[in-house]
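Asker: The structure is given below, and queries will be raised subsequently.
The values are calculated or read from the model by the stated rules, or taken from the named source; none is laboratory data. This one's a predicted model, so the numbers in the text were calculated from it and none came from an experiment. Cβ atoms come from the backbone with ideal geometry, glycine included; neighbour counts cover every protein chain shown. With ligands, DNA and RNA removed, areas are computed over all heavy atoms of the protein, side chains included. Shrake-Rupley method; radii C 1.70, N 1.55, O 1.52, S 1.80 Å.
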Amino acid sequence: MSQNKTNTSAGGHLFTVEILIEEATNGLAMEKLLHLLNVDIVKDYRINKGIDLGKLIEVNTTKERDSSIDFNKKNTTALPASAASVTKQNDAASTKIIEQLESYKLHNTLIRLTVIKAKGIKLSLPCRILNYDNSSQHVTVYHVDEKKVYLFKLNEIDDYVAF
């Protein structure tokens, strides 16, 4: 374990640390690490490397996107002009949302996520994005107050705001 201590201006201290956690999977190790880090005394943290979640999904979705682009090009000619433009707008909006979520995941950004569950139940939670699965359209988040991991469908997300 290496440690570098640096003083910060507000009386806090910044440490660079490498931590080894033995677990069966990277995801379980990540969950234990997040439980260790999400305590009152730790004001903020950044995980720079060691996150192996989503690597296989990323490779597979890149392949799927390449093949679906060809498939979509064949089918858009069969749609009426107005339906094709609506489909393109929805795809563009969905792609933008996914890119933002991936950026939040990459930078370990704290966000407030508003989710609408079944029967109109609305949840608002401060969280960090852990993973996005394009094939099932599930977003895995870590609730920083409850110190729990949640899984939501992309269509359940109503809004999100970065802190």
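Asker: What net charge do the residues around ALA118 carry, taking every other residue with its C-beta under 13 Å from that of ALA118, with Lys and Arg at +1 and Asp and Glu at -1? Intermediate values should be presented prior to the final figure.
Answerer: Working: positive: LYS117, LYS119, LYS122, LYS153; negative: GLU156.
That sum, taken over residues with Cβ under 13 Å, equals +3.
Asker: What figure in square angstrom, to the nearest 10, would you give for the accessible area of TYR104 with a 1.4 Å probe?
Answerer: 40
Asker: Return the FRET efficiency for the residue pair GLU18, ALA162: r is the Cβ-Cβ distance, R0 is 30 Å, and the value is rounded to the nearest 0.05.
Answerer: Working: r = 27 Å, r/R0 = 0.91.
Taking R0 as 30 Å, the efficiency between GLU18 and ALA162 is 0.65.
Asker: Further question: For ARG46, ARG112, write out the residues from largest to smallest accessible area, computed with a 1.4 angstrom probe and no ligands counted. Please report the intermediate quantities before stating the final value.
Answerer: Numbers: ARG46 180, ARG112 90 Å².
These residues rank, largest area first, as ARG46, ARG112.
Asker: In what order, largest first, do SER136, SER124 sit by accessible area if the probe radius is 1.4 Å? Don't skip to the answer; put the middle values down first.
Answerer: Numbers: SER136 40, SER124 70 Å².
Final ranking, largest accessible area leading: SER124, SER136.
Asker: What accessible surface, in Å², does a 1.4 Å probe find on PHE163, ignoring ligands, DNA and RNA and rounding to the nearest 10?
Answerer: 140
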